[in-house]
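Input: a single structure, listed below in structure tokens.
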Amino acid sequence: MVAIAATRYSILALSDGTPPPALREVVDRLRATLLPLGDAREGERNLLGAKIDRFVGEADRQVILLAHGAGCRAAAWWARLSPSHYVQRVAGAILVDPVVEDAGTRFASPATLLPFRSMTLDSTGRIEALAREWGSEVMPGDGATRGGALLRLIDRMSGAVVAHDVRTAEKLATLR
């Protein structure tokens, strides 16, 4: 299944600082693009949004967002405020240990559901309300961020997206 994720999707990883080992392993193994968040200045935040727009817009296939820490807030901020033609290209997001409090309003955005499927991994036990706000499926994160478990979650998400695409195509075929 890892081959499906790597060939069917472009993967963009967002991390504040050095990613943890499990995320680094996924980035390396799937040849994902790692995009650092930059500092907290507004200009840097807007530049980050433009870089995400560019990656998604230029991707030759659907995108899976893989985010860690403050990168989870950045992914939600981008998804909520970007034009739909960008966001529609995102198959889903895996959000690993999001920061509960957004320092100041660095990635402040409207409290609406994310416009794509998402899974939130929580090793702290404190992010349930945030995941609910995002409309995200909460997964226990203690074991999911070690070893190959994160890769298996990406496989699970990409497999679910493929299954959804097949069901949609079958329904469209019956409308003819």
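A short reminder: the numbers here are calculations on the coordinates, not readings from a lab. The structure presented is a predicted model; accordingly, all values stated were derived computationally and were not measured. Using ideal geometry, Cβ is built from the backbone for each residue, glycine included, and neighbour counts are taken over all protein chains shown.
The local environment of S10, defined by Cβ-Cβ distances under 15 Å, has a net charge of +4 under the rule Lys, Arg +1 and Asp, Glu -1.
Would you tally the net charge around D39, using a Cβ to Cβ cut-off of less than 12 Å, leaving D39 out, and scoring K and R as +1, D and E as -1? Summing Lys and Arg as +1 and Asp and Glu as -1 gives 0. Other residues within the sphere of radius under 14 Å centred on the Cβ of D53, judged by their own Cβ, net out at +4 (K and R +1, D and E -1).
How much length, in nm to one decimal, is gained on full extension between R29 and E101, taken as 0.36 nm per residue of separation minus their Cα-Cα distance? It would help to have the intermediate numbers written out before the result.
Numbers: separation 72, 0.36 × 72 = 25.92 nm, distance 3.07 nm.
Gain on stretching R29 to E101: 22.8 nm.
For segment 98-140, the list of GluC sites (Glu not before Pro) that fall in a loop by DSSP and count at most 11 other C-beta atoms within 10 angstrom reads E101. Between D53 and R132, the modelled label-to-label distance comes to 3.4 nm, taking each label 7 Å out from Cα in the direction of the beta carbon. Note on segment 1-143: Rg/Rh from C-alpha atoms, Kirkwood Rh, equals 0.92.
Roughly speaking, what is the stretch gain from D60 to R89, that is 0.36 nm per residue apart minus the C-alpha to C-alpha distance, in nm to one decimal?
My answer for the length gained is 9.5 nm.
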